[in-house]
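Before any comments, here is the structure.
The values are calculated or read from the model by the stated rules, or taken from the named source; none is laboratory data. Predicted model, so just to flag it, every value in this text is computed and none were measured. Positions of Cβ are backbone-derived with ideal geometry, glycine not excepted, and every protein chain shown enters the neighbour counts.
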């Protein structure tokens with residue numbers, strides 16, 4: 001009967017049937033749409049960082065002034081538009097690139113496959129989770145073209161949205177309202193997705209797959225979605241209060257009416273700090289699989305790895321105010337947040353050392369995903385140790401809101417999370433699309449990314465130490481040198497991005513047929529037991545786990 | 001590896017020292033601006049200690065990675081071990097970081113409390129952030145608020161710095177312990193002075209305070225360090241540290257006026273002459 005039903009269920013609809021996508025309830029199709037959406041948003045967010053680096057390439061205002069026209073036609077406006085670029089770059093990369101790629105894309109694709117489930121628990125909810133995102137993105141994009149502050153368009157107050165700058169004082173125009181609604185939609189999308197993943201992972205594991213036999217990627221998604229479920233409602237609350245402050249005369253964050261702008265910061269970072277772990281945790285899962293696969297060894301210290309992620313998630317809720325050392329907190333409170341923050345270094349260290357121990361004694365092949373994974377481990381270590389520096393409130397007085405912070409979080413996100421996404425992309429590319437990519441080009445892309453990203457962000461440590469503050473379109477002449485180098489790094493990484501699209505086009509045009517398991521004996525999780533691409537519906541007879 | 005770390009650190013320390021001049025960013029600098037307050041000196045010391053910890057850790061992890069990459073490549077080690085547990089190892093790499101963190105906090109907390117707890121001060125200055133300039137008051141000297149605006153790029157004259165110089169600077173006497181109270185009138189700003197190790201948010205409806213005691217004469221520059229709208233990058237902070245006599249004369253000449261600025265200009269000229277005579 002099992003062989004029977006496997007063939008019976010395999011009636012894949014045409015790729016060109018629009019209903020297949022718009023009405024989709026299939027976790028793999030939805031996952032693919034998430035990935036495409038993430039690439040689309042990533043290109044826009046990446047282009048914005050291009051404007052930023054172009055402006056910062058030398059002192060003075062070159063791009064955001066009256067006379068400059070991008071490609072001879074696009075007027076870039078004034079320094080307010082620079083602030084809009086900085087703001088939207090952050091929001092787009094976080095909410096519309098990394099989260100959709102990791103959780104929506106890889107999570108949707110591989111959580112059901114790795115736990116041996118036919119689909120997600122709530123397939124229709126999965127559909128609305130995805131389709132809320134383009135709507136949210138549309139609102140965010142529109143916000144750039146309606147009134148913001150007096151005489152300007154768009155919201156230029158940074159992704160942290162601090163009032164009073166995001167209130168009527170700073171941005172009286174409708175841009176901020178559109179942005180609030182956009183984040184509400186994105187938040188609903190994520191909360192629905194989180195509920196879906198939690199239900200799927202708790203209830204739909206194949207017989208015999210206990211929690212402690214679950215692949216680490218599934219563990220990482222489970223922790224991530226719990227963080228989403230618990231933190232996003234807090235953001236939603238803060239945003240709603242901001243919305244009523246702006247439109248209905250309340251004064252939650254308005255000192256003149258008895259409110260407190262710092263309250264918003266506490267609420268925001270109670271969401272915001274778990275959020276940055278949301279961005280990186282699925283990457284931890286992906287890296288564990290890749291390192292184990294290409295070392296042909298099981299993951300070292302599986303339980304330690306799983307519970308390190310759980311503890312990172314838990315502690316992630318207890319450290320939020322280390323983003324706010326300069327707001328004027330009582331010193332004892334600062335001391336608490338210093339201590340709590342440094343504790344995170346311990347489980348993170350466990351993960352780094354366990355990855356190396358997984359490689360230790362292995363028989364390592366350097367296929368494309370493994371190169372990205374090793375790149376990740378190195379870069380994440382660099383970003384991690386600067387995090388320990390920043391945790392100390394005493395030193396933070398010199399580094400807060402400088403480029404040191406920018407360098408730190410780009411090492412863990414732009415290099416950490418993005419490298420993990422590319423590692424996963426090349427690890428699962430064949431499984432998802434059923435065709436092989438050109439691995440020579442993919443390694444070349446890695447090389448450009450690794451060099452480019454380091455050239456962009458390593459000099460920013462020096463800028464920060466020397467006092468260059470964040471979010472400024474122009475800087476004192478003494479910062480010129482490192483900024484120029486940093487901008488050259490962007491050009492290098494840009495070449496890598498072009499290679500990425502060449503790889504995609506080349507793979508789709510030449511259609512080399514993918515194997516079920518291209519990685520050999522090291523690839524032990526359930527997705528490799530299926531064809532590439534997997535059948536439209538899989539596991540109609542549930543696999544049994546020994 | 002220790003050797004490499006030592007080289008890197010020597011380089012960093014050397015360039016920082018070599019490029020030390022009064023508080024202004026330096027091209028190609030690798031470290032902090034020149035420290036001129038007890039707080040900033042402690043920050044620099046503590047950061048040096050942190051470098052001694054984080055650089056070796058990074059190099060250690062890199063070396064381990066490089067070793068396993070070479071030693072356990074498929075060619076050199078065709079048969080993988082199945083080893084996936086080692087309790088002792090796991091205890092060590094959990095325990096050792098805890099110890100290192102305890103060492104860090106042993107130095108971190110005293111610095112935090114030292115910088116946060118305000119000692120007996122000589123006088124108070126109040127700074128107010130506006131979009132996009134600063135206002136300063138000296139309540140103890142009966143000086144009402146005067147405004148401090150950036151000098152636009154096309155009006156910069158010799159001796160002034162683009163984006164950093166202001167029309168009416170903040171002035172403090174050498175070695176005086178100053179309490180600085182900071183607030184804002186519209187949105188959140190941040191009063192930051194890299195050479196002093198000072199950085200404090202200016203929040204509407206709140207009065208934050210910090211302290212500093214500057215131990216070297218000179219002109220120091222900082223910039224607003226909390227995004228505050230269109231001209232966030234254009235509201236610098238300039239502090240002149242002068243002798244008590246000059247400070248008294250400046251106060252008497254009514255800060256925020258051309259007369260007061262003339263006293264500062266005279267002082268700068270005198271100092272240049274004296275330095276020239278020393279050479």
Sole residue being more than 30 Å from residue A:531 (Cα to Cα), in contact (Cβ under 8 Å) with a residue 60 or more places away in the chain and in contact with a helix residue (DSSP H, G or I) (Cβ under 9 Å, 6 or more places away or on another chain), chosen from A:391, A:420: A:391
Count of residues meeting criterion [within 18 Å of residue A:49 (Cβ to Cβ), without any contact (Cβ under 8 Å) to a residue 40 or more places away in the chain and surrounded by fewer than 22 Cβ atoms within 10 Å (Cβ to Cβ)] in the stretch A:467-487: 1
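Rundown of residues vs (1) within 14 Å of chain A (Cβ to nearest Cβ); (2) part of a strand (DSSP E or B), yes/no style:
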| position | (1), (2) |
| --- | --- |
| B:110 | yes, no |
| B:120 | no, no |
| B:127 | yes, yes |
| B:145 | no, yes |
| B:163 | yes, no |
| B:168 | no, no |
| B:183 | yes, yes |
| B:186 | yes, no |
| B:191 | yes, yes |
Residues of the stretch B:194-224 that turn out to be within 7 Å of chain A (Cβ to nearest Cβ), surrounded by fewer than 24 Cβ atoms within 10 Å (Cβ to Cβ) and touching a residue at least 40 places away in the same chain (Cβ under 8 Å), as a count: 0
Residue in the stretch B:33-47 that is facing chain A (nearest Cβ under 8 Å), on the phi > 0 side of the Ramachandran plot and in a loop (DSSP other than H, G, I, E, B) present: no
Flag if residue A:454 is in contact with a helix residue (DSSP H, G or I) (Cβ under 6 Å, 6 or more places away or on another chain), under 22 Å from residue B:30 (Cα atoms), within 14 Å of another protein chain (Cβ to nearest Cβ) and surrounded by fewer than 23 Cβ atoms within 10 Å (Cβ to Cβ): no
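Each row is one residue, and each column tells you yes or no for (1) farther than 28 Å from residue A:519 by Cβ; (2) facing chain B (nearest Cβ under 7 Å).
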position	(1), (2)
A:338	yes, yes
A:350	no, yes
A:369	no, no
A:399	yes, no
Answer from A:77, A:90 - the residue that is modelled with pLDDT of 95 or more and either in a loop (DSSP other than H, G, I, E, B) or surrounded by fewer than 21 Cβ atoms within 10 Å (Cβ to Cβ) (or both): A:90
Residue check, residue A:231 assigned to a helix (DSSP H, G or I), touching a helix residue (DSSP H, G or I) at 6+ places or on another chain (Cβ under 6 Å), within 14 Å of chain B (Cβ to nearest Cβ) and buried (at least 21 other Cβ atoms within 10 Å of the Cβ): no
Filter result (buried (at least 20 other Cβ atoms within 10 Å of the Cβ) and more than 16 Å from residue A:385 (Cβ to Cβ)) within the stretch A:339-354: A:354
Test result for residue A:161, surrounded by 23 or more Cβ atoms within 10 Å (Cβ to Cβ) and farther than 24 Å from residue A:101 by Cβ: no
Failed criterion for residue A:298 (all others in (1) touching a helix residue (DSSP H, G or I) at 6+ places or on another chain (Cβ under 7 Å); (2) surrounded by fewer than 22 Cβ atoms within 10 Å (Cβ to Cβ); (3) part of a helix (DSSP H, G or I) hold): (3)
Residue B:245 vs. criteria without any contact (Cβ under 8 Å) to a residue 12 or more places away in the chain, over 16 Å from the mean Cα position of the chain (by Cα) and farther than 22 Å from residue A:254 by Cβ: yes
Search result, residues across the stretch A:507-546 that are surrounded by 15 or more Cβ atoms within 10 Å (Cβ to Cβ), assigned to a helix (DSSP H, G or I) and touching a residue at least 24 places away in the same chain (Cβ under 8 Å): A:507, A:522, A:526, A:527, A:528
Some residue of the stretch A:343-356 being assigned to a helix (DSSP H, G or I) and more than 30 Å from residue A:393 (Cα to Cα): yes
Among (1) at negative phi; (2) touching a strand residue (DSSP E or B) at 6+ places or on another chain (Cβ under 7 Å), the one test that residue A:328 misses: (1)
Residue match in the stretch A:142-155 (condition: closer than 27 Å to residue B:131 by Cβ and part of a helix (DSSP H, G or I)): yes
Subset of the stretch A:137-150 (residues that are within 14 Å of chain B (Cβ to nearest Cβ) and touching a residue at least 60 places away in the same chain (Cβ under 8 Å)): A:148, A:149
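Listed here are the residues, each with its yes/no results for (1) surrounded by 24 or more Cβ atoms within 10 Å (Cβ to Cβ); (2) within 30 Å of residue B:225 (Cα to Cα); (3) within 14 Å of another protein chain (Cβ to nearest Cβ).
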site: A:374; (1), (2), (3): yes, no, yes
site: A:383; (1), (2), (3): no, yes, yes
site: A:386; (1), (2), (3): no, yes, yes
site: A:396; (1), (2), (3): yes, yes, yes
site: A:417; (1), (2), (3): yes, yes, no
site: A:427; (1), (2), (3): yes, no, no
site: A:438; (1), (2), (3): no, no, no
Condition check for residue B:36: within 24 Å of the chain's Cα centre (by Cα), touching a residue at least 12 places away in the same chain (Cβ under 8 Å) and farther than 30 Å from residue A:57 by Cα: yes
Residue A:473, sole failed condition from (1) part of a helix (DSSP H, G or I); (2) within 30 Å of residue B:162 (Cα to Cα): (1)
